[in-house]
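Reading through the structure tokens given below for one structure.
The values are calculated or read from the model by the stated rules, or taken from the named source; none is laboratory data. Only a predicted model underlies this, so the values are computations on that prediction, with no experimental measurement involved. Methodologically, a virtual Cβ is constructed for each residue, glycine included, from the backbone with ideal geometry; neighbour enumeration extends over all protein chains shown.
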Amino acid sequence: MCRLLLTFALLLSLSNFSLANDGLANDDRTVYIKAGTLIDVVNAKVLTQQLITVQGQQIIAVGPISASTLEPQAQIIDLSDYTVMPGLMDAHTHLLSSMVWGYDSLALSDDRLLIYGVINAKKTLLAGFTSVRDVGAPSFADVALRDAINAGEIAGPRMLVSGPALGITGGHCDNNMLPIDYHVQAEAVADGPWAARTMVRKNIKYGADLIKFCGTGGVFSKGTKVGAQQYTLEEMRAIIDEAHMAGKKVAVHAHGTAGIKAAITAGADSIEHASFLDNEAIKLAKKHGTYLSMDIYNDDFILQEGKKFGMTEESLAKEKHLGLTQRQSFQKAVKAGVNIAYGTDAGVYPNGENGKQMAKMVEWGMTPIQAVQTATLHTATLFGSQQQTGAITVGRLADIIAIKGDPLKDLSLFNQVSFVMKDGKVYKQP
């Protein structure tokens with residue numbers, strides 16, 4: 001831990017020189033943004049020739065340019081040729097990902113991963129994602145990254161972080177790659193209700209905003225079956241109860257049907273991946289208001305590029321087994337009206353390419369405006385920040401992005417964000 005802190009201190013000293021001036025602050029001055037096209041996610045409408053007035057960190061007015069009076073000598077950002085929308089949000093990221101997989105990943109220290117985190121945070125913000133949840137990171141390095149971003153020391157999205165993800169011995173959130181000679185176990189392994197409660201308390205003690213645990217096997221864990229439940233219902237209830245008592249939400253990694261149903265029944269706030277949904281699981285999710293965070297783009301990357309990045313044959317075989325089924329499950333969930341958050345699993349594929357999932361969500365059942373609402377308004381509700389983020393309305397934080405052209409017609413444009421404002425500060429402009 002001491003080495004991790006020393007590494008982070010060095011990173012900050014270097015990044016203060018190169019990153020401190022990335023954001024162009026407006027202080028408390030009034031800034032006018034002329035939006036040629038504005039996506040109103042609250043009312044699912046597309047408006048034209050709108051004026052957004054920003055003061056400090058907040059939006060203080062939105063309305064037609066023709067009906068607005070501008071203060072003389074005010075700062076004006078002209079996005080008349082752009083489509084303007086709220087900053088995008090991703091419910092499932094891994095900013096500390098190195099994109100090194102398989103046995104090669106064992107050579108990377110937590111210190112090195114933190115360096116990747118600083119780089120990936122900036123990439124993610126400049127890609128138009130102004131808020132993310134980071135779900136599973138070693139040594140509470142995600143907490144350090146979040147705090148440095150909040151302090152203005154480095155550039156990055158607003159982060160909700162989980163710290164190390166809880167898991168059973170030998171499960172998806174353990175480390176099964178080395179033989180017993182090394183006696184390696186992941187830092188948040190906890191078996192039994194009381195051990196699991198203790199681990200929840202530890203994560204909260206050291207700064208976690210939410211709790212994540214692994215409720216089934218996974219693609220990238222050695223020796224686990226993707227569909228097999230991990231943690232009993234009693235253990236799941238203990239984890240979720242402990243987290244909720246502390247006011248923290250719970251995200252559950254769950255591919256398999258039994259694990260999904262158990263986690264929903266136990267009170268999970270979101271199910272991550274949710275690959276094998278049956279009708280009963282969909283009904284349970286609707287009944288409980290549970291969010292599904294389904295990473296339906298990265299199947300393409302894993303199967304096309306995974307071997308090059310060191311993903312094992314076991315992992316590739318698992319992905320081949322579940323990819324299409326997950327997309328079909330997504331389609332059924334959308335049709336049924338289940339709460340869906342925008343979660344990409346960025347870090348499995350390169351951070352900063354989070355927008356690639358937008359096209360897949362439309363391909364598998366959403367309208368373009370529904371996809372944008374999912375990545376803004378609905379994910380903000382899951383985050384509990386719907387009064388501050390997720391829409392361009394009076395009183396919310398000035399998280400605003402712009403794209404040249406019409407991304408509702410050409411969804412590939414979500415990978416070409418031209419303008420990024422977060423908290424009233426400009427980080428990227430045409």
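Quick one: count up the residues across the stretch 195-213 that are under 17 Å from the mean Cα position of the chain (by Cα) and not aromatic (F, W, Y). Before the answer, list the steps.
So in the stretch 195-213, the residues under 17 Å from the mean Cα position of the chain (by Cα) come out as 208-213.
Now narrow it down to the ones that are not aromatic (F, W, Y): 208-212.
Looking only at that region, the number is 5.
Scan the stretch 392-407 and give yes if some residue there is part of a loop (DSSP other than H, G, I, E, B), touching a helix residue (DSSP H, G or I) at 6+ places or on another chain (Cβ under 6 Å) and surrounded by 23 or more Cβ atoms within 10 Å (Cβ to Cβ), otherwise no.
yes
Taking the stretch 319-371 on its own, how many of its residues are under 18 Å from I401 (Cβ atoms) and among the aromatic types (F, W, Y)?
1
Among the residues of the stretch 346-377, which ones are farther than 16 Å from F129 by Cβ and part of a loop (DSSP other than H, G, I, E, B)?
W364, G365, M366, T367
Is at least one residue of the stretch 201-210 assigned by TED's automatic domain parsing to the domain that holds S293 and closer than 21 Å to K320 by Cα? Quick ask: steps written out before the conclusion?
Narrowing the stretch 201-210 to residues assigned by TED's automatic domain parsing to the domain that holds S293: 201-210.
Applying the additional criterion that residues be closer than 21 Å to K320 by Cα yields none.
No, the conditions are met nowhere in the stretch 201-210.
Which members of the stretch 54-109 meet the condition of being closer than 30 Å to Q357 by Cα, assigned to a strand (DSSP E or B) and more than 22 Å from the chain's Cα centre (by Cα)?
Selection gives V54, Q58, I59, V62, I77, D78, L79, S80, D81, Y82, T83.
With in contact (Cβ under 8 Å) with a residue 12 or more places away in the chain, surrounded by fewer than 23 Cβ atoms within 10 Å (Cβ to Cβ) and out of contact with any His (no Cβ under 9 Å at 6 or more places or on another chain) as the only criterion, which of V84, V143, V161 stands out? Let's see the steps before the verdict.
Values: V84 fails: surrounded by fewer than 23 Cβ atoms within 10 Å (Cβ to Cβ); V161 fails: surrounded by fewer than 23 Cβ atoms within 10 Å (Cβ to Cβ).
V143 is the lone residue from the list that is in contact (Cβ under 8 Å) with a residue 12 or more places away in the chain, surrounded by fewer than 23 Cβ atoms within 10 Å (Cβ to Cβ) and out of contact with any His (no Cβ under 9 Å at 6 or more places or on another chain).
Among (1) over 18 Å from the mean Cα position of the chain (by Cα); (2) over 20 Å from G63 (Cα atoms); (3) crowded, with 19+ Cβ neighbours inside 10 Å, there is one condition L382 misses while meeting the rest; what is its number?
With (1) over 18 Å from the mean Cα position of the chain (by Cα); (2) over 20 Å from G63 (Cα atoms); (3) crowded, with 19+ Cβ neighbours inside 10 Å applied to L382, the lone miss is (1).
Do you know which residues across the stretch 149-180 are over 20 Å from S385 (Cβ atoms) and small (G, A, S)? If you could, list the steps in order and put the result at the bottom.
Residues of the stretch 149-180 over 20 Å from S385 (Cβ atoms): 153-154, 164-180.
A165, G167, G170, G171, listed by residue number.
Being part of a loop (DSSP other than H, G, I, E, B) and farther than 25 Å from L160 by Cβ is the filter here, so list the residues in the stretch 174-207 that pass it.
Going through the stretch 174-207, the residues part of a loop (DSSP other than H, G, I, E, B) turn out to be 174-179, 183-188, 190-192, 206-207.
Residues satisfying the conditions are N176, M177, L178, P179, H183, V184, Q185, D191, G192.
Just to check your reading of the model, which residue among T312, T393 is among the polar types (S, T, N, Q) and in contact with a strand residue (DSSP E or B) (Cβ under 7 Å, 6 or more places away or on another chain)?
Numbers: T312 fails: in contact with a strand residue (DSSP E or B) (Cβ under 7 Å, 6 or more places away or on another chain).
Every option except T393 fails the conditions.
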